[in-house]
Every structure is written in C-alpha cells, then in structure tokens.
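Each remark here refers to the structure printed beneath this line.
Rule-based calculations on the coordinates, nothing more; no lab input. All values reported here derive from a predicted model rather than from experimental measurement. Reconstructed Cβ throughout: ideal geometry from the backbone, glycine too, with neighbour counts over all protein chains shown.
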Amino acid sequence: MLLPLYVSVKDVLDSKNELNLLFATRDLWPTIGRSLLLASLTAIGGALIAVPQAWFLARYHIPGKKIILILCILPLVFPSYISAYSYLAAFDHMGFYQNLTGMAFPIPIRNGLFGTWMSMTLVNSPLIFLMTYAALQRQSPSQEESARLLGFNPTQVFFKISLPALKIPIASGMLLVALYTLSDFGTPAILRYKTMTYYIFRHLDRGSFDKASFFSLLLIIIAFIFLQLESWINRSQGRITDNKARQIIKKAKPSKLLLIIIFYSSTIFMACLLPLLTILYWFSKGRNSELVFPKNLFDSSFNSATLAFLAAIISILFAVPCAWCALRKKGLFATFADRISFLGNMFPGLVIGLAFISFFVSFKLFGYSFYQTLWLPVLGCAIRFLPQAVSSVKTSLAQINPRLEEASLMLGHDSVSTKLRITAPLLRPGLLAGFALVFISTLKELPITLLLAQPGKFYLTQNIWNLIDEAEYSLVAAPALLLLGISSISLYFILNQKLTKSND
C-alpha cells in the first residue's frame, strides 16, 4: 500500500533536475489551478443535482419511486471515459445532436472546461445523492413538523431546517466527488482538458519519469488533503437520529409534482439515457459493417474478467484481517492496519501504474520478475480498490454481535470453529458485496490496464480507449455496451445484497 508513495518520492529525489527546476515546470501552476477548478465545479454541480433528487425522493409521494431511486444511482455504472465518449459522440461535429437537429451544438464539448465538467458532474453526482438520501432517511421529522406548525412554508423548512442538518453528508459527498475528479484520467484525456493526470500521462509517454513522478507526488498530496478533510467531517458528524423515526412523506400539488417529474426526467436523461442512446445510435449505424464487433472482443472480455476476479479475491483476502483488526482489536497495530488499508483512496490509477513501472522494471523476487506479467495489474487494482472491500467487510462485521462468538466459545468450540461456523456465515453478505464492488471497479479501470497490460494482451478498457482515440464511434459501441451490461449486473447484485441486509 505504501509502494506508490515510496516510488513517487524516490523518483523525485533521484531526479537529475533539482527540485526548484521541477517547480518551474512549464504549465505546473495553471495545471494545478485547472484541476482544482474542475474538481470544485464538479462538486458544486453534483450537489445541485443530487441534493434536490434526494430531498424530493425522501419527502414526497412520487410515482415510480423505486425506479427513480435506481436511475439516480445508475450513472455509477458508466465508466467516466464511456460517458465522455458518449457526450463527445452526441454533441461533437456530425454527432447525434447535429444529425437529429441539423445544427451544431452551441457549446464546444472538446478542448474546454464545459464538456469535461458536464461529464464528470453527471457521472459522480450519485456519490452525493447516496449520502444525502441516507441522511434524510435517518433524519428525525420532529424539527420539520415544528417549523410547519410555526408557519414556515416548505421552502423555508428546507433552507432553514433540513439543509443545515444535511451539511455534513453533503460536504462529505462533495469532497469525495472532488477527489474522484482529481484522480480521473479518461475524461480529461478524451475531451482534451489538461489536468494533472493528463500531464502525468504525457510526461510518462515522453520518458520524463522524474516530471511524471513529480506531478504524481503533488496529486497524492492534494488527494491526501481532500481525504483528511472528508475524514474530519465524518468524525465531526454526530448521531443524526433514530433509524426507525417516522418520515414525513407529503403529497405534492399537481403543478409542483409536474416540476419535480421534469427535474428527474431531465437529470436522468442527461446522466443515463443520453449516453445509452448515443451508444445504441452508433451501434445501429454500424450494424451492417463486418467490423462492428472488434476481432479481439471475446479475448479482451475474458482478460478483463480474469483481472477483475483475481483483484477482487486478493482485496477480500486482505480486507478481512484489516477489518477485523479495526473493529475487534485495540492498539497501535490495529490502528495502523485500519489506516493503511484506506491509502488506495489517495492513489489515482495513473499514479499506481507509473510507480509499478518504475519499481518493478528492475525488481526481482527469487529471480522472478513481475514486470509485464498478469500479477502487476492485479496487484495495482487490489491496492487501488482495497478500501472498497474493507468498507464493505467492516459494515457487515460491525453488525455481528460479539456475544454470539463468546457464547460459541463458552459452549466448547475453539476460535477457528467459531469463526467458520458463526462469524463467516454472518459475514458472507459483506464479503460478496465487497467482492462485487472491487470486481466492477477493476472492470472499469483504465489507467492501470493501459500502463501495466502484458504485451499482446488486451482488456475491454484498452479496446474502448484505442477505438475512441481513432474516432471509431460505431466500433466503440459493442465493448462499451458489454462493459455497461456486466457493470449493471454487478450493481444489481450489490443493491440486492444491501436491500436483503436492511430487510433482515
């Protein structure tokens, strides 16, 4: 977990260029400014979409509420680079929009802030939605009822009572969105908005490892600051209310209900339906072509599934002892195991890929080199997504009453038998959900597969990336649809596990 940080620091310190020359790198400060601006605007835009979505869904009778809930979460299925490709294919020159209307889209999507911001906002807003909706479900209705009895109208209740109570989950979600935006590589690269990840890849492509590592180290430091802020906000969050409190579900007036439905329709259309329709549009345009399905589609799908399966297995194997130490043990080692397991959130995939190339090109273990083998992308993805597995396992483990294990020990069972017969079955939902989370995240991971793929082997993400780079929109459709289909199945499995757990 510490390897990417160690390699980034070592490469900078070993650089032939002095540190002051690295700080004088051309476009350094404008690039940092662009990255922070994009992250800030994406977090704000995501909140403007997600908070009303969560509020209306939690407080009003809306037709098809369960379907709307799923559709609000569904953008998480779309890898950011596929969403970027779909908006580019929809609004760029001779795209979906121009073919339907006969007019060019008024705002350029490529080479600017707007297209990158729009794509990142729509993809990441569900992170804020999930936190806000969960907080609303736990929020006590007593203060809102009191405010109405005192003559406050619904708008005043929202801004003076409910919104201040939601500031912690909203702020936490916004920081996570900003963090994901900073670490994203695919969207800025496809839409040609020059962020820090863009320059890391550019310097790496040119062989300037010291400058690439320098940008990586700066990105790690910024990500660490965001993570510390998010952790501090979560620690300052008190107990919201009783989970079983009766919620206020109001019936909206027809005019207001119409506005709510228009709001949901427009946001869901832009975030989910438009990307899907664009992909299907380009897929249908090439249906008579023999090249509509890339020749190595099956092989790349198998390679991606293998990579995702192995990364998920390794993540779960390490997540269980980390979660156990965090919840059931005390002391310095338990704290260390808990904290270090979340370092993956600090390392973008591009940083991990760069660090692995720099380290493993000369590293051998008992004469065996990991460089250009399957284990390198597997280990990279395991590091990147270990926090997801740990969070899932910790959630399940926290719900297991330790007294059950104590009772088993008192009845004569040893520790191993107790863990296998009592703890493991109760922990299974968290293990399966964690496995599915890491599987779907690895399946979508672009930078690690681009940098660490074995020679002659291709993954779905590489196929999509290469075809987008060649502007072969109709050819991109098949692997993109396949990736979305597998991701949707994984998301359904995760949601089903959580619903089953909540019903229990």
Problem - Full-stretch length increase - residue 261, residue 488 - with 0.36 nm per residue and alpha-carbon distance subtracted - result: 79.3 nm
Problem - Geometric extent, Cα atoms of the range 90-151 - Rg, Dmax (angstrom) - result: 20.6, 57
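In nm, what is the difference between 0.36 nm times the number of residues separating residue 284 and residue 137 and their Cα-Cα distance? Don't skip to the end; give the middle numbers.
On the way: separation 147, 0.36 × 147 = 52.92 nm, distance 4.21 nm.
Additional length available on full extension: 48.7 nm.
Tell me what the chain gives for mean residue ellipticity at 222 nm when only DSSP H runs of n ≥ 4 count, each as -39,500 (n - 2.57), the sum divided by the residue total, rounded to 500 deg cm²/dmol. Numbers along the way, then the final one.
On the way: 25 runs with 359 residues, N = 504.
It lands at -23000 deg cm²/dmol.
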Problem - For the range 1-113, the spread of Cα positions along each principal axis, largest first, Å - result: 63, 40, 22
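Based on the alpha-carbon gyration tensor of the range 1-49 and its eigenvalue square roots a ≥ b ≥ c, which shape applies: rounded if a/c is under 1.5, prolate if not and a/b is larger than b/c, or oblate? Could the numbers behind the result be given before it?
On the way: a/c = 6.75, a/b = 1.75, b/c = 3.85.
It is oblate, given that a/c is not under 1.5 and a/b is not larger than b/c.
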Problem - Positive dipole terminus of the chain, leading residue within 277, 229, 363 (C-beta point charges) - result: 229
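Can you put 187, 101 in order of Cβ neighbours within 10 angstrom, beginning with the fewest? Spell out each step's value before the answer.
Numbers: 187 30, 101 9.
In order of increasing Cβ crowding within 10 Å: 101, 187.
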Exercise for the section: Quick one: grab the alpha carbon gyration tensor of the range 276-375, order the square roots of its eigenvalues as a ≥ b ≥ c, and give me rounded if a/c is under 1.5, else prolate or oblate depending on whether a/b is larger than b/c. Expected result: prolate
Exercise for the section: Express in whole angstrom the spacing between the alpha-carbon centres of the range 416-461 and the range 133-151. Expected result: 39
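Let me know the longest stretch in the chain that avoids all trypsin sites (Lys or Arg not before Pro) found in a DSSP loop with at most 13 other C-beta atoms within 10 Å. Intermediate values should be presented prior to the final figure.
Details: sites that count: 16, 26, 206, 239, 244, 246, 251, 287, 295, 329, 330.
Counting only loop sites that pass the neighbour cut-off, the longest clear stretch is 27-205.
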Problem - Partners for residue 251 among lysines (Cα-Cα distance below 19 Å; same-chain residues under 8 apart left out) - result: 65, 66
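May I ask you to derive the relative contact order of the range 27-285, considering only C-alpha pairs under 8 Å and at least 6 residues apart, and to give it as an integer percent? If you can, show how the numbers build up before the last one.
Values: 308 pairs, mean separation 80.1, N = 259.
Relative contact order of the range 27-285: 31 percent.
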Fill in the blank from the handout: Here FRET efficiency (C-beta to C-beta, residue 6 to residue 481, R₀ 45 Å, nearest 0.05) is 0.65
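Return the loop-located chymotrypsin sites (Phe, Trp or Tyr not before Pro) in the range 328-407 (DSSP other than H, G, I, E, B) with at most 10 other Cβ atoms within 10 Å of their own Cβ; answer none if there are none. Let's see the in-between values first.
On the way: sites: 333, 336, 342, 356, 359, 360, 363, 366, 368, 370, 371, 375, 385; in loops: 342, 363, 366, 370, 371.
Here the chymotrypsin sites (Phe, Trp or Tyr not before Pro) that fit, given the DSSP loop and packing criteria, are 366.
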Exercise for the section: Quick one: give the max-minus-min coordinate of the C-alpha atoms of the chain along each principal axis, largest first, in Å. Expected result: 74, 68, 51
Exercise for the section: For the range 287-504, just the Cα set please: Rg and Dmax, both in angstrom. Expected result: 20.2, 70
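Any idea what the relative contact order of the chain is, in percent, if you count C-alpha pairs under 8 Å spaced at least 6 apart?
Working: 663 pairs, mean separation 97.0, N = 504.
Normalised by residue count, the contact order of the chain is 19 percent.
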Handout entry: Test item: Cα-centred dipole of the chain, Lys/Arg +1 and Asp/Glu -1 on Cβ, debye
Key = 1420
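Within the chain, which is the longest segment that contains none of the GluC sites (Glu not before Pro) sitting in a DSSP loop with at most 14 other Cβ atoms within 10 Å?
On the way: sites that count: 18, 290, 470.
Counting at most 14 other Cβ atoms within 10 Å as exposed, the longest clean stretch of the chain is 19-289.
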Completion exercise
Here the gain from full extension of residue 415 to residue 364, 0.36 nm per residue of separation minus their alpha-carbon distance, amounts to 14.6 nm
Completion exercise
Quick shape check on the range 27-285: root eigenvalues a ≥ b ≥ c of the Cα gyration tensor, a/c under 1.5 is rounded, otherwise prolate if a/b tops b/c, else oblate, and it reads oblate
Handout entry: Which of 123, 7, 361 has the fewest Cβ neighbours within 10 Å, and the rest in rising order
Key = 361, 7, 123
Practice task
Output the DSSP H helices from the chain with an along-axis C-alpha extent of no less than 27 Å and a mean Kyte-Doolittle hydropathy no less than 0.5.
Solution key: 28-59, 113-138, 209-236, 297-328, 375-398, 424-444, 473-503
